[in-house]
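Take a look at the structure set out below.
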Amino acid sequence: MARDGVGVGMSEHEDDGGIDAAEGPAGTDEHLIGEAEKIAVALGRMFPGLCEVVLHDLRDPRHAIRAIENNLSGRSVGDSATELGLARIEDPGYPSVIQNYPNRFPDGRPAKSTSIGIKNAAGQYIAALCLNLDVSVLSPMTLALSNLVATEAEHREQPLETLRGRNARALRQAVEAMAAERGANPRSLGREDKKALVRRLHEDGHFDSRDAAQTIADLLGVSRATVYNYVKQGGI
């Protein structure tokens, strides 16, 4: 768990050299790792049983694991660093974040992992926060959801019906939305734009409702006969 209180009251214990050694680089590193430990614990408790969160103290690679929440890998506090941890120790230029890479737990379950390296002020890696998501738990859910939302292929291109309301309000909203796409209001549209709008309304099934043609005519500022002419000129 996080080591709270690190550095509290240290200003009262200065030695002859000026500042207590605990306030030097080692003390600062310990503070950073302590703060990272709080994050590890909080993340783990956010996703119980689903995401393993491990904090590695890279200052001691042989006993690197400082905290582990939702232990899905069977490791323990005090276990050694992984290959990524060793790579960061050897190379300060190693990527600080490696995200969403495929991984696997010791029992074979697939995992999705993210590793975040933590550097001190000197640019040295001192810790790594690692998240290992158990995707084996989610895969069946993903398949179930895919099956749930799937539709028959033969009906995907041309819907058999639309589910919008066919009342005057819905028609008005459709006309205003189409006009807005052209940066105008319905009455200010040019003749060709009005033709295109009427044809689109016809294709979308808006003419199925009673008095639709008259409603469209009123919105566009044309006659009912003009609306029907626009439909005929479109070859519909």
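Filtering the stretch 75-108 to residues that are open to solvent by less than 40 Å² (accessible area, probe 1.4 Å), of a type in the set (Gly, Ala, Ser) and at negative phi leaves ALA81, GLY85, ALA87. A residue that is in a loop (DSSP other than H, G, I, E, B) and at pLDDT 90 or above cannot be found anywhere in the stretch 163-174. Listed conditions (1) open to solvent by 90 Å² or more (accessible area, probe 1.4 Å); (2) at pLDDT below 90; (3) closer than 17 Å to TYR230 by Cα; (4) out of contact with any Lys or Arg (no Cβ under 7 Å at 6 or more places or on another chain) are all met by GLY205, apart from (1). Inclusion of PRO48 among residues that are in a loop (DSSP other than H, G, I, E, B) and either touching a Gly at 6+ places or on another chain (Cβ under 7 Å) or within 19 Å of LEU133 (Cα to Cα) (or both) is warranted. Listed by first and then second residue, the pairs linking a residue in the stretch 178-202 that is over 20 Å from ARG224 (Cβ atoms) to a residue that is open to solvent by 40 Å² or more (accessible area, probe 1.4 Å) and charged (D, E, K, R), with Cβ atoms under 7 Å apart and 6 or more places separating them unless they lie on different chains, are ARG182/ASP193.
Of all residues in the stretch 57-81, those satisfying the criterion of being over 17 Å from LEU131 (Cβ atoms) and in contact with a Ser or Thr (Cβ under 8 Å, 6 or more places away or on another chain) are PRO61, ARG62, HIS63.
Each residue in the stretch 144-162 was checked for being open to solvent by 100 Å² or more (accessible area, probe 1.4 Å), at pLDDT below 80 and assigned to a helix (DSSP H, G or I), and 1 of them qualify. Check whether at least one residue in the stretch 41-55 is more than 30 Å from SER139 (Cα to Cα) and modelled with pLDDT of 95 or more, and report yes or no. No, the stretch 41-55 contains no residue that is more than 30 Å from SER139 (Cα to Cα) and modelled with pLDDT of 95 or more. Whether a residue is surrounded by 16 or more Cβ atoms within 10 Å (Cβ to Cβ), touching a helix residue (DSSP H, G or I) at 6+ places or on another chain (Cβ under 7 Å) and in a loop (DSSP other than H, G, I, E, B) was assessed, and ALA111 does not pass this test.
The values are calculated or read from the model by the stated rules, or taken from the named source; none is laboratory data. Computed from a predicted model, the values in this text were never measured in an experiment. Don't worry about glycine lacking a Cβ; one is built from the backbone with ideal geometry, like all the others, and counts go over all protein chains shown. Heavy atoms of the whole protein, side chains included, go into the accessibility calculation; ligands, DNA and RNA do not. Shrake-Rupley method; radii C 1.70, N 1.55, O 1.52, S 1.80 Å.
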